[in-house]
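S.K.: Could you have a look at this structure, given as structure tokens, before my questions?
The values are calculated or read from the model by the stated rules, or taken from the named source; none is laboratory data. No experiment lies behind these values; they were computed from the predicted model shown. Here the Cβ is made from the backbone with ideal geometry for all residues, glycine too, and neighbour counts use every protein chain on show. Calculation scope for accessible area: heavy atoms of the full protein, side chains included, ligands and nucleic acids excluded. Shrake-Rupley method; radii C 1.70, N 1.55, O 1.52, S 1.80 Å.
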Amino acid sequence: MKPQFWILPLVVGSIPSCTPVAHPTPFKIDVDQGLLDEARTKAKLYRPSVDLLDGTSETWYEGPPASNMTALAKYWAEEYDWLKIQDQLNSNHSHYKATVSAGFGYQEPVPLHFVHEKSTRPNAIPLLLLHGWPSTHMEWLPALDYLTSPDPDDAEAVAFDVIVPDLPGFGFSPAATHEGFGPRQAGAALTNLMQLLGYETFGIISTDAGWWVALWMAADYPDRVVGHFTDFYFAQPNATDIERFGNGQTSDAENDYISTVLAFQNVVGAYMSIQSQGPLKLGQALTDSPVGYAGWIWHHLQFSSDGYHYSFEEVITRTMMLWLPGAYGNLRTYLEWLKPENIDFPKSDVATGVSQWQSINGPFPELALMLNTPAEWIERVSNLTFLVTRPFGGHFPVELHPEIYAQDVQEFFGSLID
């Protein structure tokens, strides 16, 4: 990469968790042509796997079939145009970079890339949008206009100033340089960013890995987080839940959710274990093979996106945003995020809204209700004040249904305004 991977100043000593250390400056995406040429060359040289002859490989349960991967590699080598995507990103959104501190034991500076778009409406609510894996700030882009510029005929519609970062190791935010940068440290760094931008209080939208960060922010900064909206609430069943489930004492909603969680773990959840236990060895392989990384990501998209068929361009662009900085940094998020101390979330009183999106149109029916967490389980940690369930949308609903998604966000935050 070019200058977006800036040299960081050293920070000496312990830094309070809310002390900004550098001012934001405009940022232009400018990927080195050498990296683009490397990706294209490796796509030309891609060697596909060999499918089983009985049709098993065509089911996608084990990963993308060889024919799909061969076609993807051919498109990448002959047609894919990153510079078009780069121009769209630079032209359509306001990009910035800043360096902040984290605290909570992490003393290294944290460089961040983010999009910052302000609403033209007065009293807009500052809103921090936190993506997951395998995503970047780009996951939220389809909804930004709906959030910053609501229907002009609806004077009461809630509007937002949006701040959309790449988490460290994703997109154009360099990865953490030392161990110990988990979701709590990320939350402190992002709270610093909001302070740096002049926002003393703000709302949060989260999904996937960003949900971990948001839960810690709600616990650590309850006076600053006015509300937390998420489309992802992955509450694990505890020992009592499993015992009740075995004894037939759980509700229908609990039964559906527990069954789906178990199916996820048994059918497709191995990627979480690999990324949390061996991110370096996996990162070495996937950084060396951008097409291989695309296959790793494509499988995740396929089983979780409610039957939506991503185009080659969409799969490759998503991969590029994670491959350009090197796969290791974003894969290693799972190692830090899944440490026992980082999944032991404190109880929070911050108002929480949850939208649940099903994958009933997806290829794996056993995963259709994966994110339909029972309300009483959510309430074990969060102050649930808003819940909506939709029989479509999958794991990336803001990309597929941005207008509906934004309406849910507006309704939730509108309910918090006196």
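S.K.: What number comes out for the charge environment of Y310, summing +1 per Lys or Arg and -1 per Asp or Glu over other residues with Cβ under 15 Å away?
M.R.: -4
S.K.: May I ask you to give the percent of accessible area on the chain that is carbon plus sulfur, with a probe radius of 1.4 Å? Don't skip to the end; give the middle numbers.
M.R.: Numbers: 9020 of 17350 Å².
Its accessible area is 52 percent carbon and sulfur atoms.
S.K.: Here is the link list: K28/K281; K42/K97; K28/K74; K74/K281; K28/K97. Which ones come out longer than 20 Å on Cα distance?
M.R.: Exceeds cut-off: K28/K281; K42/K97; K28/K74; K74/K281.
S.K.: While we're looking at this one, here's another question. Which of the GluC sites (Glu not before Pro) found in segment 336-418 are loop residues per DSSP with 14 or fewer other Cβ atoms within 10 Å of their Cβ?
M.R.: Those satisfying the criteria are E379.
S.K.: Now for a different question. Pulled fully out, how much extra length does the chain show between Q277 and T70, if you take 0.36 nm times their separation in residues and subtract their Cα-Cα distance? It would help to have the intermediate numbers written out before the result.
M.R.: Details: separation 207, 0.36 × 207 = 74.52 nm, distance 2.93 nm.
Fully extending the segment from Q277 to T70 adds 71.6 nm.
S.K.: By how many nm would the segment from S259 to I343 lengthen if fully extended, with 0.36 nm per residue of separation less the alpha-carbon distance? Working shown, then result.
M.R.: Working: separation 84, 0.36 × 84 = 30.24 nm, distance 2.11 nm.
Difference between extended and current length: 28.1 nm.
S.K.: Excluding residues on the same chain fewer than 8 positions from K44, give the aspartates and glutamates whose Cα lies under 17 Å from its Cα.
M.R.: Qualifying aspartates and glutamates at Cα under 17 Å: E78, E79, D81, D288, E313.
S.K.: Separate question: First check a/c for the chain, with a ≥ b ≥ c the square roots of the eigenvalues of its C-alpha gyration tensor; if it is under 1.5, answer rounded, and if not, answer prolate when a/b is larger than b/c or oblate otherwise.
M.R.: Rounded is the answer for the chain, as its axis ratio a/c remains below 1.5.
S.K.: Find which of P237, V213, N255 sits farthest along the positive direction of the dipole of the chain, computed with +1 on the beta-carbon of Lys and Arg, -1 on that of Asp and Glu, about the Cα centre.
M.R.: My answer, from the dipole projection, is V213.
S.K.: Ranked from the most accessible area to the least, with a 1.4 Å probe and all protein chains present, what is the order of Y308, Y199?
M.R.: Y308, Y199
S.K.: Cα to Cα, under 14 Å, and not fewer than 8 places away if on the same chain: which aspartates and glutamates meet these conditions relative to K339?
M.R.: Answer for K339, where 14 Å is the Cα cut-off: E179, listed by chain and number.
S.K.: Among rounded, prolate and oblate, which fits segment 56-213 when a ≥ b ≥ c are the square roots of the eigenvalues of its C-alpha gyration tensor, a/c under 1.5 means rounded, and a/b larger than b/c means prolate?
M.R.: Taking the square roots of the gyration eigenvalues as a ≥ b ≥ c, segment 56-213 is oblate.
S.K.: Probe radius 1.4 Å, ligands and nucleic acids left out: which of T287, T319 has the largest accessible area, and how do the rest follow?
M.R.: Heavy-atom accessible area, descending, gives T287, T319.
S.K.: With every protein chain kept in place and ligands, DNA and RNA left out, what is the accessible area per residue of segment 52-171? Probe 1.4 Å, answer in Å².
M.R.: Heavy-atom SASA per residue in segment 52-171 reads 40 Å².
S.K.: Another question, if that's okay. If a paramagnetic tag sat 7 Å from the Cα of T41 along the Cα-Cβ line, which residues of segment 77-94 would have the backbone N under 17 Å from that point?
M.R.: It comes to 77-78, nothing else.
S.K.: Once amide H atoms are built 1.01 Å from N in the peptide plane, which residues 5 or more positions from F232, or in another chain, come under 5 Å H to H?
M.R.: Under 5 Å from the amide H of F232: D208, S355.
S.K.: Normalised by the number of residues in the chain, what is the relative contact order in percent for Cα pairs under 8 Å and 6+ residues apart?
M.R.: Answer for the chain is 18 percent.
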